[in-house]
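In what follows, a single structure is set out as structure tokens and then discussed.
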Amino acid sequence: MAWMEQHGQKEYFYRIWRLMAESYYFSHKPQTALRQAKLMLEYAQEHGDDQGRASAYQQMGFNYLEVDNDEAIKTYQHSIKLFRQMSGDHYGDLNRSYGCLCEALENKKDYANELKYCAEWKKLLDEWGRNAVGKQMNRVYIEQHLQTASALIGLGRIDEAEQELAEVERLNQMTT
């Protein structure tokens, strides 16, 4: 990481840092993972680095998702806002943040906001999809449609949820 920092490889610097924090999380050390994410945020703030801040908020949300949906929601919203303000291709990061934000909203049973963010997520995927092709993009759309169906079911809008699930089935057939 020190070499990446010295040679201006900040995208990879934060990606490696995020992977390190995730490895702590998956090693059943959630407090250490959260501490790493907070250190990343402090470092990024000291250096005025929005990419680092966005990555740190994303990682914090990942850690909060299991224990505090309100904090997860806030950190994912921060992450999305920052990634959207930056230039460059951040579709993968935005996709991840939207998916996790929708999951946190579903956990909270805030289906109206989940549906709102699912719609934003769909717009992002449509924009991304113009530049990406193939089965991998179908898998990403499947995740978005499943989350939308879940929100619609939570809102009691079963007919619309069935349409989303039909689209999942259609995309799934194209993917396999």
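The values are calculated or read from the model by the stated rules, or taken from the named source; none is laboratory data. Quick caveat, the model's predicted, so the values are computed rather than measured. Cβ atoms come from the backbone with ideal geometry, glycine included; neighbour counts cover every protein chain shown. To get the accessible areas, we keep the full protein, side chains included, count just its heavy atoms, and leave off ligands, DNA and RNA. Shrake-Rupley method; radii C 1.70, N 1.55, O 1.52, S 1.80 Å.
Miscellaneous remarks
- Whole-Hz ³J(HN,Hα) from phi, Karplus 6.51 cos²θ - 1.76 cosθ + 1.60, for the stretch 152-158, glycine and proline x: 5, 4, x, 8, x, 9, 5
- Estimated vicinal HN-Hα couplings, Hz - the stretch 54-69 in sequence order (Karplus 6.51, -1.76, 1.60; Gly, Pro = x): 4, 5, 5, 4, 4, 5, 4, x, 4, 6, 6, 3, 7, 10, 8, 4
- Greater than 24 Å apart at Cα, pairs in Lys38/Lys109; Lys38/Lys122; Lys38/Lys81: Lys38/Lys109; Lys38/Lys122
- Gyration tensor (alpha-carbon) shape descriptor, the stretch 35-112, a/c threshold 1.5: oblate
- Using the Karplus relation 6.51 cos²θ - 1.76 cosθ + 1.60 with θ = phi - 60°, the per-residue 3J(HN,Hα) values for the stretch 15-28 come to 4, 5, 4, 5, 5, 5, 4, 5, 5, 5, 4, 6, 8, 6 Hz, with x marking Gly and Pro.
- Extreme residue, positive dipole direction of the chain, given options Tyr64, Cys118, Ala149 (C-beta unit charges): Tyr64
- Extension reserve of the Asn113-Gln136 stretch, reckoned as 0.36 nm per residue once the Cα distance is removed: 5.6 nm
- Length released on extending from His28 to Glu71, taking residue separation times 0.36 nm less the Cα-Cα span: 13.5 nm
- Shape of the chain, Cα gyration tensor, a/c cut at 1.5: prolate
- Inter-site label distance for Asp159 and Glu11 at 7 Å from Cα along Cβ, in nm: 4.6
- Burial order of peptide ranges 95-101, 58-64 (average beta-carbon count within 10 Å, highest first): 58-64, 95-101
- Among Leu171, Leu155, the order of accessible area from largest down is Leu155, Leu171, computed with a 1.4 Å probe on protein heavy atoms.
- Tensor-based shape of the stretch 82-176 (alpha-carbon gyration tensor, a/c under 1.5 rounded, otherwise prolate or oblate): oblate
- Sorted largest first, extent of the stretch 12-59 alpha carbons per principal axis (Å): 31, 18, 13
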